[in-house]
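Please read the structure below before turning to the comments.
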Amino acid sequence: MDIIIALLLLGLIIFIHELGHFLAARFFKMPVSEFAIGMGPELYSYYNGKTLYSIRVIPVGGFVNIDGMEVGSKVENGFNSKPPMARFVVLFAGVFMNFMLALIVIFGITFASGKAIQNTNPIVGNIIKEAKASSVLKEKDVIKEIDGTKISTWAQIGETISKDSKNRDTLDVMVERDGKDLSLTVPLTKVEEGRAPIMGIIPEYKFERYGLVDGVKQSFKIFIGVFEDTLGGVKMLITGKVKAKDISGPVGIVKVVGDASRSGSSGILLWLLAILSVNVGIFNLLPFPALDGGRIIFVILELVGIKVDKKLEERVHTIGMLMLFGLIIFATANDIFNIFKF
């Protein structure tokens, strides 16, 4: 089931990406010989006289064959016969669609879940399961005193705990529960060495629907955050801050999706869909041969008046494709090693 769900998510992301290339090519009247989902032998195909639409046996990947991309091709309206700007749009369209998919998913989640508004009163909304305080405190407890210090707002709880918890394993807490005051000895939980222990309580929250303008603003803010985090990860990979053993591939994605699906929350899977779609978009935009970004670089060079020999360009893309296959094999081997290691 983990594999099926992962394939559905990746399949949707790849379908949207290739659909972007397809629609842009059609807009510029470029002939498209095939639009395929998956790789390997054909499982099902339909030909409408212009384009072969096919589903392949291996449900990973996909492609759009735009005629005229080959060196020396003389196809009427073929890819290489079009102006550089048209080719730029077609190459960028797949990435654009990935970003749009992520943004639409984030819109849906944002408007469906609403915004969380914290109750500023010192009421326990929840307790971290791993915290020792969960054996003493309960939801809806009203914190009235901590070590003799009167508490009237939630902010005062954190201030008082950080001040009083140094070198302490417990705190004396007075709570109101079911209309009665109780004096409790609440155990603290050590998080990490050098940091003050915590009580592990979470405030109450209520959720309100976003208005249209606020919801759109918040959705863009979240999207930009995901985009920046992904770019940060790419930067860490390029600069060597991510160790080679931590590079993950398709098998790792299946594991992550499996963990998310077992949480029982469709919202987590939707967040994962948005995050993966942004990741696929940014990955394809990297200026690496064979990727959309690598091809875009050559088009940009042409736009600024630097003409690169098409045969040389194709050789560069072929080498890039071989390197990508090597990276995928390496990442998959990493995933399998990590699974068996644990």
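The values are calculated or read from the model by the stated rules, or taken from the named source; none is laboratory data. What you see is a predicted model; the values in this text were computed from it and never measured. Ideal geometry is used to build each Cβ from the backbone, glycine not excepted, and the neighbour counts take in all protein chains shown. Please note that ligands, DNA and RNA were not included when accessible areas were found on the heavy atoms of the full protein model with its side chains. Shrake-Rupley method; radii C 1.70, N 1.55, O 1.52, S 1.80 Å.
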With Cα springs under 10 Å, the Gaussian network model of the chain assigns the largest mean-square fluctuation among GLY294, GLY281, GLY94 to GLY294
For segment 297-331, which trypsin sites (Lys or Arg not before Pro) are both in a DSSP coil and crowded by at most 13 other Cβ atoms within 10 Å? LYS307
Comparing VAL90, VAL64, VAL191, which has the greatest mean-square fluctuation in the GNM of the chain with Cα pairs linked when under 10 Å apart? VAL191
For ARG56, solvent-accessible area (1.4 Å; no DNA, RNA or ligand), Å²: 40 Å²
Summing Lys, Arg as +1 and Asp, Glu as -1, what charge do residues with Cβ under 15 Å from the Cβ of ASP178 carry, ASP178 excluded? +1
Cβ charges +1 (Lys, Arg) and -1 (Asp, Glu), total dipole of the chain, debye: 440 debye
Accessible-area composition of segment 104-159, carbon plus sulfur, in percent [1.4 Å probe]: 55 percent
Give the longest segment of the chain that steers clear of GluC sites (Glu not before Pro) in DSSP loops with at most 14 neighbouring Cβ atoms within 10 Å, not counting the sites themselves. 194-342
Sequence-distant residues sharing a close amide H with LEU52 (under 5 Å, placed H): GLU34, PHE35
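Provide the FRET efficiency to the nearest 0.05 for the GLU145-ALA116 pair, computing r from the beta carbons and using R0 = 35 Å.
0.80
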Can you give me the accessible area per residue for the chain, using a 1.4 Å probe, in Å²? 58 Å²
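Sum up the charges of everything whose Cβ sits under 15 Å from the Cβ of ILE282, counting Lys and Arg as +1 and Asp and Glu as -1, but leave ILE282 out.
-2
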LYS144 long-range amide H proximity, modeled H, under 5 Å: MET174, VAL175, GLU176
Those chymotrypsin sites (Phe, Trp or Tyr not before Pro) from segment 62-149 that are DSSP loop and have at most 14 other Cβ neighbours within 10 Å turn out to be none
Relative to the first principal axis of the alpha-carbon coordinates of the chain, what is the inclination of helix 2-27, with its axis defined by its Cα atoms, in degrees from 0 to 90 and to the nearest 10? 50 degrees
Where does the charge balance sit around PHE107 when Lys and Arg score +1, Asp and Glu -1, over other residues with C-beta under 15 Å from its C-beta? +3
In degrees between 0 and 90, to the nearest 10, how far off the longest principal axis of the chain does helix 266-285 point, with axes built from Cα atoms? 40 degrees
Counting only the backbone N, which residues of segment 136-154 are under 15 Å from the spot 7 Å out from the Cα of ASP181 toward its beta-carbon? 142-152
Note: PHE337 to LYS307 extended length (0.36 nm per residue) minus current alpha-carbon separation gives 6.3 nm
By the C-alpha gyration tensor axes a ≥ b ≥ c (rounded if a/c is under 1.5, else prolate when a/b exceeds b/c, else oblate), the shape of segment 33-115 is oblate
So, relative contact order of the chain in percent, Cα under 8 Å, 6 or more apart, is 18 percent
Violations at 30 Å Cα threshold for listed pairs LYS29/LYS235; LYS138/LYS221; LYS140/LYS217; LYS132/LYS206; LYS163/LYS217; LYS82/LYS217 -> LYS29/LYS235; LYS138/LYS221; LYS140/LYS217; LYS163/LYS217; LYS82/LYS217
Among PHE27, ASN98, THR110, which residue has its Cα positioned farthest towards the positive end of the charge dipole of the chain, with +1 placed on the Cβ of Lys and Arg, -1 on the Cβ of Asp and Glu, and the dipole taken about the Cα centre? PHE27
Note the angle between two axes, namely the Cα long axis of helix 154-164 and the longest principal axis of the Cα atoms of the chain, as a number of degrees from 0 to 90, rounded to the nearest 10. 70 degrees
GNM of the chain, Cα pairs under 10 angstrom: of SER162, SER277, SER33, the biggest fluctuation goes to SER162
